[in-house]
Amino acid sequence: MSQANTAVPAHAQEEEACPIGEVLDHIAGKWSIGIIAAAAAGPIRFTELERAIAGISRRMLTLNLRKLERDGLLVRTVYPTVPPKVEYRLTPIARELGESFATLTAWAERHRRAIAAARNAYDRRPGDSASGLAAASAAGISPHPSAEEMTD
């Protein structure tokens, strides 16, 4: 068979090139969410992003901006000024993603007290909390069920 007949069609390569897990890893990252949220209001400069995203280093911001630009979520515009002016803006697909983040954030805001209450209730249960696990470990008791316990 000729080489042309065994080649994978270009559209199939494009579909396989970006698995859903990779897409989710990129957009769900701690810094990606902050960058997309900060850029939602319109074009934003590097230093503005740096100030808007608590705890991000210049290196992490640079790496994440490049990743988001590569993924088609950000457009980087360099203006020929001295010093150079660089702005980042969301693409239409990133704006759509930002709407999803806003929905997720609203959900978290509505349910954060219930989640905190559930955590507190869980932590008060004997044997389930981190302190219960530490005490069991110190006593030589495994926190993981044995094969026998799992079949009962």
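Per-peptide packing, taken as the mean over residues of other Cβ atoms within 10 Å, places 81-88, 68-75 in the sequence 68-75, 81-88 from highest down. Label separation (Ser57 vs Ala102): 3.4 nm, computed from points 7 Å beyond Cα along the C-beta direction. Prolate is the label for the stretch 13-139, because the ratio a/c of its alpha-carbon gyration tensor axes (a ≥ b ≥ c) is 1.5 or higher and a/b is greater than b/c.
Peptides 32-39, 104-111 ranked from most to least packed, by the mean per-residue count of other Cβ atoms within 10 Å: 32-39, 104-111. Averaged over residues, the count of other Cβ atoms within 10 Å places the peptides 49-58, 116-125, 20-29 in the sequence 49-58, 20-29, 116-125, highest first. When only Cα pairs below 8 angstrom with a gap of at least 6 residues are kept, the stretch 13-139 shows a relative contact order of 20 percent.
Approximating the spin labels as points 7 Å out from Cα along Cα→Cβ, the Glu69-to-Arg110 distance works out to 3.8 nm. For the stretch 34-103, the fraction of C-alpha pairs more than 14 angstrom apart is 57%. Each residue, Val23 and Arg89, gets one label point 7 Å from its Cα in the Cβ direction; the gap between the two is 2.4 nm.
Here, each number is a calculation from the coordinates, and none is a lab measurement. It should be emphasised that the depicted structure is a prediction, and the values quoted were computed from it without experimental measurement. Glycine also receives a Cβ, built like all others from the backbone with ideal geometry; neighbour counts cover every protein chain displayed.
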